[in-house]
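**Q** I'd like to ask some things about the structure below.
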Amino acid sequence: QIFVMGQVTISILAIIFGCAMRGFKLATLSRQLEHCLTKRFHAAHEMLLGTICDAVLELDEDLNIVAESPALASLIAMRPSRSGMGMKPQDFMSTQEDRDLFVSQIAHASVDSFDAVEAGP
């Protein structure tokens, strides 16, 4: 009878362990799928923007350029040895009026985007 109880206990522990592992595998697969979809979504955005824009810049939350943009370098005849990473787009604008207009437009667009997200569908 003790032997049977031990076998039942081991079986129950094996089932619990199996369920836990399946949950872990599902969570891992879910994260991998989300990562893959995010990469594809980002690539699709880049492709779409690349077809309608002369240059596409990837910016961080402080509006610093975070990725090389060969199209921008070509567009403004920037030396290949010079990197725009860490700079702001307005650093490439020739007049203060252009820089101020850009900052104003970005601030306005950011507020509109935030309002749209807050309002929901």
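Just so you know, all these numbers are worked out from the coordinates, no wet-lab data involved. Everything numeric here is computed off the predicted structure, so don't read it as measured data. For neighbour counting, all protein chains shown are included, and Cβ atoms are generated from backbone atoms with ideal geometry for every residue, glycine included.
**Q** Where in the range 49-90 is the amide nitrogen less than 19 Å from a point lying 7 Å along the Cα-to-Cβ axis of S104?
**A** Correct set: 89-90.
**Q** A further question follows. Report ³J(HN,Hα) in whole Hz for each residue of the range 59-75, in order, from the Karplus equation J = 6.51 cos²θ - 1.76 cosθ + 1.60 where θ = phi - 60°; Gly and Pro get x.
**A** 10, 8, 5, 9, 6, 8, 6, 10, 9, 4, 10, x, 5, 5, 4, 5, 4
**Q** How much length is gained if the chain between L26 and Q90 is pulled fully straight, taking 0.36 nm per residue apart and subtracting their Cα-Cα distance, in nm to one decimal?
**A** Details: separation 64, 0.36 × 64 = 23.04 nm, distance 4.54 nm.
Additional length available on full extension: 18.5 nm.
**Q** While we're here: I need the phi-derived Karplus couplings for the range 84-98: 6.51 cos²θ - 1.76 cosθ + 1.60, θ = phi - 60°, integer Hz, Gly and Pro marked x.
**A** Values per residue, Gly and Pro as x: x, 4, x, 8, 9, x, 5, 5, 9, 8, 7, 10, 5, 4, 5 Hz.
**Q** Here's another thing I want to ask about it. Whose amide H sits under 5 Å from the amide H of K88, counting only residues 5 or more places off or on another chain, with H placed in the peptide plane?
**A** Sorted by chain and number, the residues that satisfy this are I65.
**Q** Can you list residues from other chains, or at least 5 along the same chain, whose modelled amide H is less than 5 Å from the amide H of L59?
**A** V66
**Q** Work out the length of the dipole vector of the range 25-68 about its Cα centre, built from +1 on the beta-carbon of each Lys and Arg and -1 on the beta-carbon of each Asp and Glu, and round it to the nearest 20 debye.
**A** Values: 4 positive and 8 negative charges, 110 e Å.
The calculation lands at about 540 debye.
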